[in-house]
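Participant: Could you have a look at this structure, given as structure tokens, before my questions?
What follows is calculated from the coordinates using simple rules that are stated; it is not laboratory data. All of these numbers come straight from a predicted model, not from anything done at the bench. Heads up, the Cβs are rebuilt from the backbone with ideal geometry, glycines too, and the neighbour counts pull from every protein chain shown.
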Amino acid sequence: MATTFQRIDTLHTTELAEGVEIQLRSAGPLLRIIAWLLDTFVIIGVLMLVGILALVVQLSSVLGDGGTNIASGVQMLASFFIFWLYPVVFEAGKRGATIGKRATGLRVVNEAGTQIGWGQSMIRNFLRMIEVFLPLLPLVSFFHPRFRRLGDLAAGTYVVYERSLPTIPLSGPPALETVPIPISLSREEQAAILAFRDRSAHWSEARRAELVDHLHPLTGARGNQGVEKVLGMGRWLEERS
Amino acid sequence: MNRQEFEAKNEEKWADLDLKLRLLEGGHKVEGLAKVPALFREVARDLSLAQYRMFGDRVIGRLNDLAIQGHRLFASTKGLAGEGALSFVLRKFPQAIRREQRLFWLSSLLFWGPFFLMWFSTKMDITWVQALLGPQQLSDIESMYGEEDTVAYLRQQFGSNFQMFAHYIQNNVGIDFMLYAGGLVYGLGTIYILVINGLSIGGVVGYVDYAGDPEKLWSFVAGHSSFELLGMVVVAMAGLKLGFAMLAPGQLKRGVAMAKAGRDGLPFLIGGSCLTALAAVVEGFWSAQIVPVETKYTVGIFFWVLHFLYFAFAGRGRSEA
């Protein structure tokens with residue numbers, strides 16, 4: 001029985017055959033657009049490289065007339081494969097990511113977080129061509145709770161972070177006191193307080209205070225005093241378990 | 001047991017599994033391989049416990065990654081290389097076509113309807129095809145199937161056989177993929193490309209009848225026509241399936257209906273584009289060879305009959321899996 005994090009996070013819970021529940025962290029549109037741009041640069045770069053190579057062969061005419069024909073034929077085939085099949089092959093591979101996705105820490109997976117098949121990869125990548133062509137279609141993914149675009153829906157795939165949860169290099173401010181919580185909280189609410197404690201090191205003081213001010217009815221304090229209280233509540237929750 | 005005790009107690013076990021999974025993923029040998037699944041199940045249990053006790057992102061995140069990694073390894077479904085491809089060609093592809101016969105005829109109608117319409121329009125009024133194809137394309141057709149020698153014309157345009165083959169792969173298989181993707185606009189993109197192709201191919205046939213030498217055209221296209229036209233019609237089936245799923249998802253949610261249409265349409269996408277790729281092979285290496293016209297017609301008819309037999313009978317009686 002896992003906690004539902006859906007309202008405080010982009011995590012999504014799936015139950016595996018082992019009876020255990022894993023959490024996949026869906027990737028948002030911004031990072032995916034960056035990954036797509038990177039891939040577009042890679043494709044354009046390789047196409048130009050192939051073009052230059054073919055041109056050199058044709059101009060130097062080392063291979064004679066037949067060589068020129070072969071060079072331009074190879075160029076056409078290479079363009080076809082790079083343009084259409086580069087993302088298909090990379091995403092169906094072990095890493096489940098194109099070069100752009102790998103650089104941004106993303107990965108394409110199945111419902112259960114496993115490697116996708118060739119067919120799935122073909123579907124999601126071919127359909128992207130029409131989604132890019134009609135610029136409104138990619139916006140659909142903004143409204144999907146797991147940021148899936150139409151190609152993802154048809155292929156049954158998800159784009160997630162390679163690491164399911166952020167690694168937390170910094171430890172937040174320590175709680176100075178233990179503050180008991182006067183009312184009973186649901187598991188999700190408890191989880192929210194603990195998550196605040198775990199992640200607070202990444203935020204500025206003002207942001208922490210802003211978030212905690214929402215809990216004013218519970219803490220009876222605002223600003224830094226409120227932050228102290230909530231951290232104390234986190235400590236109380238942890239000590240109790 | 002609080003978080004610190006939990007971590008301290010199990011740290012060694014987690015690090016052990018982490019190392020073993022990494023080694024296995026890299027294809028290395030691992031000592032005590034038989035114990036890895038049991039170790040994995042133990043860690044999966046740790047994850048459940050950590051989630052229940054809310055031990056925080058750091059512990060849960062780490063165990064979660066281990067569980068996903070392990071599941072990836074244990075749940076991988078790789079058959080023998082080539083096994084899947086063989087059963088696809090011998091069984092699954094023709095079975096899928098027979099299962100979706102109505103869709104096949106609909107897709108065929110969307111191509112052949114405009115094809116014959118445009119062809120017969122040239123008998124009535126030649127201006128239709130002139131408006132559709134434009135002067136540049138018409139003069140190309142005239143030089144290709146007119147006084148000049150067709151094969152010599154193609155040689156001059158494309159250089160070698162290999163170059164022709166490469167051109168047709170890039171062009172025609174690319175069109176197939178767009179044909180499929182067009183299904184995403186409620187099927188309209190697929191229908192549009194299919195109809196336009198029907199109109200312009202029918203227009204070419206009609207115009208050659210009118211202004212050129214039909215025998216040159218037929219002897220050139222006979223060999224690869226079955227592969228190319230059936231390939232296009234079959235890929236369009238996959239696109240239409242997607243379009244229907246979006247338009248009328250029935251009792252399913254739209255997303256679920258699309259996933260089903262994607263899965264069910266996959267054989268048509270793969271099979272159809274393979275047919276088109278084969279068409280490029282035939283077109284590049286056979287259709288432009290200098291062979292008696294009768295031989296070319298015979299080969300063309302042979303391939304059409306072969307396709308019919310394949311779609312009608314291949315894999316019949318075998319269980320559909």
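Participant: Go through segment B:27-48 and report how many residues are of a type in the set (A, V, I, L, M, F, W, C), exposed (fewer than 13 other Cβ atoms within 10 Å of the Cβ) and within 14 Å of chain A (Cβ to nearest Cβ). Even if it seems obvious, please write down each step before you answer.
Facilitator: To start, the set of residues in segment B:27-48 that are of a type in the set (A, V, I, L, M, F, W, C) comprises B:30, B:33-34, B:36, B:38-40, B:43-44, B:47.
Still in the running and exposed (fewer than 13 other Cβ atoms within 10 Å of the Cβ): B:33-34, B:38.
Right, trim to within 14 Å of chain A (Cβ to nearest Cβ) and you get B:38.
Adding up the residues that qualify gives 1.
Participant: Looking at this structure, is residue B:114 within 30 Å of residue B:263 (Cα to Cα), assigned to a helix (DSSP H, G or I), in contact (Cβ under 8 Å) with a residue 12 or more places away in the chain and more than 9 Å from chain A (Cβ to nearest Cβ)? So that I can check it myself, show each step before the final result.
Facilitator: On the way: within 30 Å of residue B:263 (Cα to Cα): yes; assigned to a helix (DSSP H, G or I): yes; in contact (Cβ under 8 Å) with a residue 12 or more places away in the chain: yes; more than 9 Å from chain A (Cβ to nearest Cβ): yes.
So residue B:114 passes the test.
Participant: Residues in segment B:157-216 that are hydroxyl-bearing (Ser, Thr, Tyr) and either more than 14 Å from chain A (Cβ to nearest Cβ) or buried (at least 23 other Cβ atoms within 10 Å of the Cβ) (or both): how many?
Facilitator: As a first pass, look at segment B:157-216 and keep what is hydroxyl-bearing (Ser, Thr, Tyr): B:160, B:168, B:180, B:186, B:190, B:192, B:200, B:207, B:210.
Those still in the list that are either more than 14 Å from chain A (Cβ to nearest Cβ) or buried (at least 23 other Cβ atoms within 10 Å of the Cβ) (or both) too: B:168, B:180, B:190, B:200, B:207, B:210.
Of the residues in segment B:157-216, 6 are hydroxyl-bearing (Ser, Thr, Tyr) and either more than 14 Å from chain A (Cβ to nearest Cβ) or buried (at least 23 other Cβ atoms within 10 Å of the Cβ) (or both).
Participant: So, restricting to helices (runs of 4 or more DSSP H) that lie completely within segment A:14-95, which ones have at least 3 residues that are in contact with a strand residue (DSSP E or B) (Cβ under 6 Å, 6 or more places away or on another chain), charged (D, E, K, R) and exposed (fewer than 15 other Cβ atoms within 10 Å of the Cβ)?
Facilitator: none
Participant: May I ask you to verify whether residue A:120 is assigned to a helix (DSSP H, G or I) and farther than 30 Å from residue A:146 by Cα? Even if it seems obvious, please write down each step before you answer.
Facilitator: On the way: assigned to a helix (DSSP H, G or I): yes; farther than 30 Å from residue A:146 by Cα: no.
Considered against the rule, which asks whether it is assigned to a helix (DSSP H, G or I) and farther than 30 Å from residue A:146 by Cα, residue A:120 comes out as no.
Participant: Take the residues in segment A:152-163 that are facing chain B (nearest Cβ under 8 Å) and either in contact (Cβ under 8 Å) with a residue 24 or more places away in the chain or touching a Pro at 6+ places or on another chain (Cβ under 7 Å) (or both), then tell me which one is nearest to residue A:22 (Cα to Cα). Show your work before the answer.
Facilitator: Quick first cut of segment A:152-163, residues facing chain B (nearest Cβ under 8 Å) only: A:153-156, A:163.
So of that shortlist, the ones also either in contact (Cβ under 8 Å) with a residue 24 or more places away in the chain or touching a Pro at 6+ places or on another chain (Cβ under 7 Å) (or both) come out as A:154-156, A:163.
Numbers: A:154: 23, A:155: 21, A:156: 18, A:163: 12 Å.
If we take residues in segment A:152-163 being facing chain B (nearest Cβ under 8 Å) and either in contact (Cβ under 8 Å) with a residue 24 or more places away in the chain or touching a Pro at 6+ places or on another chain (Cβ under 7 Å) (or both), then A:163 is nearest to residue A:22 (Cα to Cα).
Participant: To continue, here is another question. Failed condition for residue A:145, given (1) surrounded by 15 or more Cβ atoms within 10 Å (Cβ to Cβ); (2) within 12 Å of chain B (Cβ to nearest Cβ), with all others met?
Facilitator: (1)
Participant: Here are B:314, B:280: which of them is of a type outside the set (S, T, N, Q), away from chain A (no Cβ under 14 Å), in contact (Cβ under 8 Å) with a residue 40 or more places away in the chain and touching a helix residue (DSSP H, G or I) at 6+ places or on another chain (Cβ under 8 Å)? Working first, answer last.
Facilitator: Working: B:280 fails: away from chain A (no Cβ under 14 Å).
From the options B:314, B:280, the qualifying one is B:314.
Participant: Now a separate question. Say we look at segment A:7-57 and pick out the residues that are charged (D, E, K, R) and closer than 30 Å to residue B:74 by Cα; which of these is farthest from the other protein chains (Cβ to nearest Cβ)? Let's see the steps before the verdict.
Facilitator: Our first condition is that a residue be charged (D, E, K, R); within segment A:7-57, this holds for A:7, A:9, A:15, A:18, A:21, A:25, A:32, A:39.
When the remaining residues are screened for being closer than 30 Å to residue B:74 by Cα, the result is A:9, A:15, A:18, A:21, A:25, A:32.
Working: A:9: 9, A:15: 11, A:18: 5, A:21: 7, A:25: 9, A:32: 18 Å.
Looking at the filtered set, the residue picked out is A:32.
Participant: Further, regarding this structure: The conditions are (1) exposed (fewer than 15 other Cβ atoms within 10 Å of the Cβ); (2) in contact (Cβ under 8 Å) with a residue 60 or more places away in the chain; (3) not hydrophobic (A, V, I, L, M, F, W, C), and residue B:122 fails exactly one of them. Which is it?
Facilitator: (1)
For every residue, the table says whether it meets (1) more than 10 Å from chain A (Cβ to nearest Cβ); (2) out of contact with any strand residue (DSSP E or B) (no Cβ under 9 Å at 6 or more places or on another chain); (3) closer than 29 Å to residue B:267 by Cβ.
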site: B:60; (1), (2), (3): no, no, no
site: B:64; (1), (2), (3): no, no, no
site: B:72; (1), (2), (3): no, no, yes
site: B:86; (1), (2), (3): yes, yes, yes
site: B:92; (1), (2), (3): yes, yes, yes
site: B:121; (1), (2), (3): yes, yes, no
site: B:138; (1), (2), (3): yes, yes, no
